[in-house]
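First the structure, in the form of structure tokens, and then the observations on it.
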Amino acid sequence: MAKIYSASTTAPVNIATLKYWGKRDTKLNLPTNSSISVTLSQDDLRTFTTAAASEAFTKDTLWLNGTEESVTGARTSACLAELRALRKSLEDADPSLPPLSTYKLHIVSENNFPTAAGLASSAAGFAALVRAIADLYELPQSAEELSRIARQGSGSACRSLFGGYVAWEMGEKEDGSDSRAVQIATETDWPDMRAAILVVSAKKKETSSTTGMQTTAKTSPLFKHRVEVVVPERFKVMSKSILDKDFETFGQLTMADSNQFHAVCLDSSPPVFYMNDVSRNVISLIEKVNNLAGRVVAAYTFDAGPNAVLYYLEKDEPIVLGLLKAALPDLDGWQNKATVSAAVPDGVSEDMYDSLKDGVSRIILTGVGPSPQKIAESLVDESGLPK
Ligand code: DP6
């Protein structure tokens, strides 16, 4: 049997606080505006991917959560072609290297969270795919350079190549060479950022981000103002708030940007709806709590679906968990938080959170986390198939 070369990695999910919404080039996935996100801990949410190459493999194959998926789609093909080209240039420079660029790939990928939860998994998925193959090929390229490749898989994936607080700079060039992710701050620069994901069950299938953002970019009059005026200013102020560890500003902008993203969706023709009544109830609850406290205790943000993500600082964990425990006493996920002394904040009454009880099906408590991690364990067996 021919030798099997392999490399494994885990990659994180990221949740944007300044949203990417709109493409100026759909093939290269070039955005109409820069964006910012927080990378979440891989202890709670991650994609684990092994990439293997061998002369014995007969076709590129991808297994995602045990099911064979297509690798011939434009997005995956673009990533594989770029990575192979980089490997090929190494082989051309050093003919003693095994010709991995000519071998077929077996890629095995698993999420540690249910895909059904509707959490953005494409970001972690493409980041893991690119990182694992880059490691397999022993590519010298930096995470920033690899982010340009992951971007072509899914725009938001470029930000998952870094830990901590990450910007995706939109760039100007037509070939996309300057549209890449950069790290604003590491997870240890501002370590006390927490995130609570409230999984809200969606009854009907949502419009995919890819389709939704095309509709908005083509039809929304507000969108032009967002990308030309609002986001460039917000990008500067939010980046600074991260460097200053200024949660008040960071939280206010995070909420404002989520609201504006959903406003341009509503301003599209036909309108695109992602939030539902449960999402809106989360917004009013958090707005009330922040009002009562006279400061931003927690900041909400929503992507292309009804799930809520709350960002807050560790010092405010008792308030946020008090609230969530009161609202959602029957959910799992509290075990590791049993020691936090939590109480419902003064002035918050049951009618303010009552509606969440039936609408939130799962809660994931996590926080800011690191970049993709190299893993010794492998998901392929000795014959190169999923274990
Ligand atoms: C609302 O990255 O999923 O989550 O580039 O078409 O794959 P494609 O879109 P995708 O869009 C993410 C949209 C968002 C905002 C964000 O993550 O910045």
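Laboratory data are not the source of any read-out in this text; all were calculated from the coordinates shown. Fair warning: this is a prediction, and the values are worked out from it, not measured in the lab. Neighbour counts run over all protein chains shown; Cβ positions are idealised from the backbone, glycine included.
The table below lists the values:
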item	result
Fraction in percent of alpha-carbon pairs per bin - 10 Å, the range 110-267	9, 30, 41, 18, 1
Cα gyration tensor of the range 205-315 - equivalent ellipsoid semi-axes, whole Å, descending	25, 18, 11
Rg/Rh ratio calculated on Cα atoms of the range 250-387 (Kirkwood radius)	1.07
Residue order, fewest to most surrounding Cβ atoms within 10 angstrom, among ILE133, ILE184	ILE184, ILE133
Chain lengthening between SER349 and SER383 when straightened (0.36 nm per residue, less Cα-Cα)	6.3 nm
Average projected area [Cα convex hull, the chain], square nanometres	19.4
Farthest positive-ward along the range 52-108 dipole, Cα basis, beta-carbon charges - from LEU100, LEU83, TRP63	TRP63
Exposure proxy order (Cβ contacts within 10 Å, fewest to most) of LEU292, LEU161, LEU313	LEU292, LEU313, LEU161
Rg/Rh for the range 1-91, where both radii come from Cα atoms and Rh is the Kirkwood radius	1.02
Pairwise label distance in nanometres, SER201 with GLU69, each label 7 Å out on the Cα-Cβ vector	2.5
Full-extension gain in nm, THR188 to SER89, via 0.36 nm per residue minus C-alpha separation	32.1 nm
Estimated dipole of the range 4-185 in Debye, rounded to 20 [Cβ of Lys and Arg +1, of Asp and Glu -1, Cα centre]	460
Size of electric dipole in the range 193-367: Cβ of Lys, Arg +1 and of Asp, Glu -1, about Cα centre, debye, nearest 20	500
Theoretical ellipticity at 222 nm over the chain - DSSP helices of four or more residues, -39500 (n - 2.57) apiece, nearest 500	-10500 deg cm²/dmol
Computed magnitude of the charge dipole of the range 1-112 (debye, nearest 20; Cβ of K, R +1, Cβ of D, E -1)	380
Charge dipole of the chain about the Cα centre (unit charges at C-beta), most positive-ward option of ASN307, LEU385, THR210	THR210
Calculated log₁₀ intensity ratio I(q)/I(0) where the Debye formula runs over C-alpha points of the range 4-185, q = 0.14, 0.15, 0.17 Å⁻¹	-0.72, -0.83, -1.05
Over the range 181-234: Rg over Rh, Cα atoms, Kirkwood Rh	1.10
R0 of 41 Å, Cβ-Cβ distance LYS224-GLU145: FRET efficiency to nearest 0.05	0.80
FRET efficiency, 1/(1 + (r/R0)^6) with R0 35 Å, evaluated for GLU248 and ALA2 via beta carbons	0.05
Inter-centroid distance (Cα atoms) of the range 1-56 relative to the range 144-178, Å	10
Sorted by Cβ density within 10 Å, fewest first, the residues TRP190, TRP21, TRP63	TRP63, TRP190, TRP21
Hull volume in cubic angstrom per residue (convex hull over the Cα atoms of the range 108-193)	122
Reachable lysines, given that their alpha-carbon falls under 28 Å from the alpha-carbon of LYS104 and they are not under 8 places away in the same chain	LYS3, LYS27, LYS59, LYS88, LYS374, LYS387
